[in-house]
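To keep things clear, I will list the structure first and then write my remarks on it.
Any read-out appearing in this document is the output of simple, stated calculations on the displayed coordinates, not a laboratory observation. Nothing here was measured: the structure is a model prediction, and the numbers come from that model. Don't worry about glycine lacking a Cβ; one is built from the backbone with ideal geometry, like all the others, and counts go over all protein chains shown.
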Amino acid sequence: MDAPTKNEVKTSFTLCGVEFKNRVFVASGTFGYGDEVRTLVDANQLGGIFTKSLSWKPRAGNPPPRIVETASGMLNSIGLANIGVHVFIEQKLPYLRELDTRIIANIAASSLEEYCDVLRLLEQQEGISAYEINVSCPNVREGGLNFGTDCSMTGKITASLRKLTKKVLIIKLTPNVTHISEFAHVVEAEGADAVSVINTLIGMAIDIKTRKPKLSTITGGLSGPAIKPVALAKVYEVAKSVKIPIFGIGGIASAEDALEFLLAGATAVQVGTMNFVDPAISVKIAADLETYARENGISDLGMLVGTLNADLKFSVLQSWL
Amino acid sequence: MEESKTKRKTVMSGAMQQFCDVQSCVEVSAKTFLLRFISPEIAASAQPGQFVNVLAAETGEGPLLRRPFSISRIDGDIVELLFHAIGKGTILLSRKRNGESIDVLGPLGQPFRIDTDYNTALIIAGGIGVAPFPFLTSSLQNLGKRLETFLGYRNDKQIVTSHLKNVHIATDDGSKGFHGNVVQLVEPFIDQKDLGKVKIFACGPTVMLKALSELAKRNNICCEVSLEGHMACGVGLCQGCPVERTGDGAKYALVCKDGPIFLTTDVIL
C-alpha cells in the first residue's frame with residue numbers, strides 16, 4: 001500500500017468498534033432492499049444501507065394514493081409496506097451480504113414483543129452490522145408514532161432491545177414532538193449507541209376541486225429538501241444534549257447539504273427522498289464530500305462534526321448570500 | 001384467458017439514467033405534445049408498454065420528482081413521448097426545445113405481452129391513453145398480427161392518430177366519428193366472426209378500463225391494460241404506486257415494477 005500522501009483524506013469512521021467506509025448512507029424506505037437499483041448505483045461506495053423497515057409479518061401497506069408532491073418535497077403514506085423479516089432473510093439478505101458495505105436492518109413493529117422477536121431473529125443472521133429502530137412512522141395506526149412520541153415507551157423499547165444485542169443499536173427519532181432532545185436523552189440513557197434524526201414531519205395536502213385529502217390516510221410524512229432546515233435544527237438540538245453519534249437525515253441533496261449536517265453535529269448522514277429522484281445521488285454526495293475535504297485540506301471529515309462557528313457576529317451580506 | 005395463470009417472465013430492469021438531447025417538442029393537438037429525444041440505448045432496448053421517468057429541470061428549478069411517461073414510439077435513435085401538458089412538470093417539459101436536455105431514467109416496467117396466441121389485436125385508448133400505442137402498433141405489425149384501433153375522446157380537438165392503423169374514433173360530443181364512448185364503439189365489433197382469436201390492449205381513464213375489463217370477461221377475451229400511478233422513483237424504491245391484486249398472495253402490486261402493463265384478470269381496477 002502506498003504511504004499516505006499529504007492530500008489523503010480519511011473518509012471512514014468507527015462506531016462502537018464497527019468501521020464504516022464513509023459518512024454517507026441511504027435512509028430506510030428510500031432504497032428498498034438494495035437490489036431494485038443494482039444496475040443504477042454502486043452501493044459499495046456507500047457507508048451503508050439502511051433497509052426498508054422490517055416487521056415480523058409482511059405488511060401490505062396503505063391503499064393508494066400513497067404519495068403526493070408538495071413544494072420542494074413529498075408527502076408519503078406507505079404504511080410500512082414490507083416483505084416481512086422472514087422473506088427478507090431468505091430472499092434479500094443473501095444479496096446484501098455480498099455487498100462491500102454495511103447493512104443496517106431497520107425494524108418496525110406494533111408491539112414491544114414484535115420489536116424483540118424481529119431483532120432476535122436477525123441476531124442469528126450473518127451480514128447485519130447494526131439495527132435502526134423505527135419508533136417514529138407517522139403512517140401506521142398501531143405502534144409507529146404512538147411509541148415515538150411517548151418518551152417512556154421509547155426508553156422501554158431501547159432498554160429491551162439493548163439487552164438482546166451487542167451490535168450497534170440506533171434509534172430513529174420523530175420530529176413530531178415538542179422537544180426531540182428529551183427523547184434522545186432517554187434513549188442514550190437506556191443504552192442506544194446512536195440516534196437517527198429525523199423521521200418525516202406530519203403533513204397534509206388537499207385537492208380543492210374534490211375537497212378530498214391527497215393521501216388515502218389524510219395526513220402523511222413530509223420529506224425532501226423542504227424539511228432540511230427543520231432537520232438541521234433538530235440535529236443541532238440533539239447534538240447539544242447527548243454524547244452519542246447522530247445520523248442526520250432530512251432533504252439532503254448535495255455534499256453541501258451533508259456538510260451542513262456535519263457542522264450541526266451529525267457524525268454521518270442518510271440520504272432519503274432524493275434517492276427517488278436520482279438513485280445514484282448518495283454515491284455522488286460521498287465522492288463530492290471527499291473532494292471537498294481534499295480541496296480544503298481536511299484530513300478527516302470527522303474533524304468537522306459539531307464545529308458550528310458560534311461567533312454570531314455577521315456581516316449582513318455574508319449571511320444573505 | 002389462460003395467460004393469467006402462467007407466470008409472466010419478469011423483465012429485469014435494464015434501466016439507465018441519461019441526460020438526453022431533445023430533438024423537438026411540438027403541440028400536435030389541444031394541450032397534447034410530442035417530445036422527441038435522442039437515446040440510442042433506450043431506443044434499442046425499450047419494448048412497447050414500457051415507460052421512462054423524466055426530470056425536466058434541475059433540482060430547485062421545477063418539480064422535485066420525476067414524471068413517468070409511456071414510450072410512445074421509437075424512430076431510429078429517437079424516443080418519442082406523447083403527453084398532456086396539464087401540470088407544472090408537464091408544462092415545463094412541453095417548453096423543451098431542440099438543443100436542451102432532459103434527465104431520463106428508463107426503460108422501466110413490464111412491457112405488453114405481444115407474442116402470445118391471438119389473431120387480432122384490438123388497441124383501445126381513451127384520451128392521452130393513446131400514448132403507448134404507436135410503438136405497440138409497429139411491433140404488432142412486425143409480428144404480422146391483424147390490428148384494429150379504437151380511440152375515444154371528449155371532442156374532435158384532442159385527436160391524435162399518427163402511426164396508428166385501422167383507426168375507429170368515438171367522441172363524447174359526437175363531433176367526430178361515433179357519438180358515445182369507446183367501449184360502446186368496440187362492443188359490437190368484437191362479435192365479428194372473422195377476427196379469429198382476439199386480444200385487447202388498452203390504456204385510458206380507470207372507468208374506461210374497468211368497463212373494458214368487464215367486456216373482456218363476458219367475451220372471454222384476454223385484456224392487457226397500461227395503468228397509471230402516483231410514483232416518485234419508477235423503480236420500486238418508494239412503494240408509492242400500489243394497485244390491488246386479485247387472488248391470493250400479496251395484496252398489492254406496484255405499477256412501476258410489476259406493471260405498468262397488467263392483465264385485467266390480475267388487478268382490481
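Some notes on this structure:
- Taking a straight line from the alpha carbon of B:LYS165, these lysines sit under 21 Å away, with near neighbours fewer than eight places off in the same chain left out: B:LYS145, B:LYS157, B:LYS176, B:LYS193, B:LYS197, B:LYS199.
- Farthest positive-ward along the protein assembly as shown dipole, Cα basis, beta-carbon charges - from A:LEU173, B:ALA30, B:VAL255: B:ALA30
- Taking the charge dipole of the protein assembly as shown about its Cα centre, with +1 at Lys and Arg Cβ atoms and -1 at Asp and Glu Cβ atoms, the residue from A:LEU289, B:CYS223, B:ALA211 reaching farthest to the positive side is B:ALA211.
- Share antiparallel - DSSP beta bridges, the stretch A:13-320, percent rounded to 5: 40
- Counting only DSSP beta bridges with both residues in the stretch A:48-134, the antiparallel share comes to about 40 percent.
- Using a Förster distance of 41 Å, the FRET efficiency for A:ARG120-A:MET204 (Cβ separation, nearest 0.05): 0.65
- Pairs of Cα atoms in the stretch B:227-269 fall into 10 Å distance bins, from 0 up to the last occupied one, in shares of 34, 55, 12 percent.
- Counting every other Cβ atom within 10 Å of each residue's Cβ, A:THR267, A:THR291 order from fewest to most as A:THR291, A:THR267.
- Label zone (A:ASN296, point 7 Å along Cα-to-C-beta; backbone nitrogen cut-off 20 Å) within the stretch A:17-54: A:22-25, A:47.
- A straight chain from A:GLU19 to A:TYR95 at 0.36 nm per residue would run longer than the Cα-Cα distance by 25.3 nm.
- Anisotropy class of the stretch A:20-162 from Cα gyration tensor, a/c 1.5 cut: oblate
- Exposure proxy ranking, count of Cβ atoms within 10 Å, fewest first, for A:SER110, A:SER53: A:SER110, A:SER53
- The simple Förster model, with R0 at 41 Å and r as the Cβ-Cβ distance, assigns B:GLU100 and A:ALA310 a FRET efficiency of 0.35.
- Only beta bridges with both residues in the stretch A:130-251 are counted; by DSSP, about 35 percent of them are antiparallel.
- Shielding of peptide A:277-290 by partners, expressed as the average count of other chain Cβ atoms within 10 Å per residue Cβ, is 2.
- Choice from A:VAL135, A:VAL195, A:VAL118 showing the highest fluctuation, given a GNM over chain A with Cα pairs closer than 10 Å: A:VAL118
- When chain A is treated as a Gaussian network with alpha carbon springs shorter than 10 Å, the biggest mean-square fluctuation among A:ARG66, A:ARG162, A:ARG211 belongs to A:ARG211.
- Total charge dipole magnitude, the stretch B:139-195, about the Cα centre, Cβ charges on Lys, Arg, Asp, Glu only, Debye to nearest 20: 240
- With a 10 Å cut-off around each Cβ of B:223-235, the average count of Cβ atoms from other chains is 4.
- Modelled spin-label separation between A:ASN146 and A:LYS212, with each label point placed 7 Å from Cα along the Cα-to-Cβ direction: 2.7 nm.
- Listed residue pairs exceeding 22 Å between alpha carbons, taken from A:LYS10/A:LYS52; A:LYS57/B:LYS251; A:LYS209/B:LYS31: A:LYS10/A:LYS52
- C-alpha center-to-center spacing [the stretch B:210-254, the stretch B:105-121] in angstrom: 15
- When only the Cβ of Lys, Arg, Asp and Glu is charged (+1, +1, -1, -1), the dipole of the protein assembly as shown relative to its Cα centre reaches about 1020 debye.
- Comparing mean-square fluctuations of B:ASP156, B:ASP194, B:ASP258 from a GNM of chain B with C-alpha springs under 10 Å, the top value falls on B:ASP194.
- Cα centroid of the stretch A:218-290 to Cα centroid of the stretch B:138-205, whole Å: 50
- Per-residue [θ]222 nm for the protein assembly as shown (sum of -39500 (n - 2.57) over DSSP H runs n ≥ 4, rounded to 500): -6500 deg cm²/dmol
- Reduced Cα scattering model of the protein assembly as shown, Debye log10 I(q)/I(0), q = 0.06 Å⁻¹: -0.34
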